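Student: A single structure is presented below for examination.
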Amino acid sequence: MTGLLTEAEGDPVAIENAQAKGEFLFVCEHASNRMPESLGTLGLSKEALESHVAWDPGALAVSRLLCEKLDGTLIHQRFSRLAYDCNRPPESDAAMPVLSEVYDVPGNRSMSAAERRSRVEEIYLPFHEAVTRAVADRKAAGRRPVLVTMHSFTPIYFGKPRTVELGILHDADGRLADGMLAAAAIGEAGYDVRRNEPYGPADGVTHSLIEYGIRFGVPNVMIEIRNDLIRDKIGQRVMADYLAGLLAKSVAALPAH
């Protein structure tokens, strides 16, 4: 260890309901806006650290509800995406961004090679190893894991409103996304649901899908929820109920493994 995290801060990755019997493995890379004490605020204001640039508001709450409904396992990151974005590989500039939307991140601008390496070793690698192990162990036990990465996005980006409410994202493997979109098309929830919006593979957001889903040949999908829909417990439960239905129908439509 290089001393980025203290013993008191605990593990950078949390695993909930590890002994779940269901197929679903939920991953929430941007679950927290907590900053390692050694990094301070990275030079950011309280407003910035509470905004979507530091985390995905509501994503962890919806993930936990989905785990309850579908008896899934949840793996989530315990520190801010600004310290290290676990949905990006170490070589990506976006892994430790110097600019996030309109916010400059001063504490990420002058890192030494050793400082960058400590963030990779103490935040990304434990997360990467935890998800990899969870997928591999299920496959070794003859179980089919279904990987679902959970995110939320801001309603206004660079000053422009977004009308899409729910994004169903995929990379080369669209099996699960296709099923969810088909189920959404015949539903009556009234959400504006779109494929690969407001982001898609070209934006570099499918690292986790590739690394833990496609690489292992398991069904995978990334869910993006507009965060104004999940600001409170009622909205979170309504969204979790809706997503649980889409996921269950999509998995049921997959060929037997």
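The values are calculated or read from the model by the stated rules, or taken from the named source; none is laboratory data. Just so it is clear, the structure is predicted and the values come from calculations on it, not from any experiment. Neighbour counts run over all protein chains shown; Cβ positions are idealised from the backbone, glycine included.
Student: Can you find a residue that is acidic (D, E), buried (at least 16 other Cβ atoms within 10 Å of the Cβ), at pLDDT 95 or above and in contact with a Gly (Cβ under 7 Å, 6 or more places away or on another chain) anywhere in segment 167-182?
Tutor: yes
Student: Separate question: I'd like to check something: does segment 192-214 contain any residue that is more than 18 Å from G72 (Cα to Cα), over 19 Å from the mean Cα position of the chain (by Cα) and surrounded by fewer than 18 Cβ atoms within 10 Å (Cβ to Cβ)?
Tutor: Yes, the conditions are met somewhere in segment 192-214.
Student: Taking segment 54-75, which residues are touching a Lys or Arg at 6+ places or on another chain (Cβ under 9 Å) and closer than 22 Å to S118 by Cβ?
Tutor: Matches in segment 54-75: A54, W55.
Student: Of the residues V131, V102, V146, V120, only one is over 19 Å from L169 (Cβ atoms) and surrounded by 14 or more Cβ atoms within 10 Å (Cβ to Cβ); which?
Tutor: Exactly one of V131, V102, V146, V120 is over 19 Å from L169 (Cβ atoms) and surrounded by 14 or more Cβ atoms within 10 Å (Cβ to Cβ), namely V120.
Student: Still on this structure: Yes or no: segment 156-163 includes at least one residue that is surrounded by 14 or more Cβ atoms within 10 Å (Cβ to Cβ) and either among the aliphatic types (A, V, I, L, M) or closer than 18 Å to Q77 by Cβ (or both).
Tutor: No: zero hits.
Student: Would you confirm whether any residue within segment 216-229 is surrounded by fewer than 18 Cβ atoms within 10 Å (Cβ to Cβ), in contact (Cβ under 8 Å) with a residue 12 or more places away in the chain and either in a loop (DSSP other than H, G, I, E, B) or under 16 Å from the mean Cα position of the chain (by Cα) (or both)?
Tutor: No, that holds for no residue.
Student: Now a separate question. For segment 19-40, indicate whether the set of residues that are more than 27 Å from K233 (Cβ to Cβ), touching a Pro at 6+ places or on another chain (Cβ under 9 Å) and not aliphatic (A, V, I, L, M) is non-empty.
Tutor: Looking through segment 19-40, at least one residue is more than 27 Å from K233 (Cβ to Cβ), touching a Pro at 6+ places or on another chain (Cβ under 9 Å) and not aliphatic (A, V, I, L, M).
Student: Test D56 against the stated conditions and say whether it is in contact with a strand residue (DSSP E or B) (Cβ under 7 Å, 6 or more places away or on another chain) and either aromatic (F, W, Y) or under 20 Å from M150 (Cα atoms) (or both).
Tutor: Considered against the rule, which asks whether it is in contact with a strand residue (DSSP E or B) (Cβ under 7 Å, 6 or more places away or on another chain) and either aromatic (F, W, Y) or under 20 Å from M150 (Cα atoms) (or both), D56 comes out as yes.
Student: How many residues are part of a loop (DSSP other than H, G, I, E, B) and closer than 21 Å to N227 by Cβ when one looks only at segment 173-204?
Tutor: Within segment 173-204, residues that are part of a loop (DSSP other than H, G, I, E, B) and closer than 21 Å to N227 by Cβ number 10.
Student: May I pose another question? Test L147 against the criterion of being touching a Phe, Trp or Tyr at 6+ places or on another chain (Cβ under 6 Å) and either more than 21 Å from D93 (Cβ to Cβ) or at pLDDT 95 or above (or both), and give yes or no.
Tutor: yes
Student: Please work out if S152 is touching a residue at least 40 places away in the same chain (Cβ under 8 Å), of a type in the set (S, T, Y) and assigned to a helix (DSSP H, G or I).
Tutor: Here the answer is no, as S152 does not meet what is asked.
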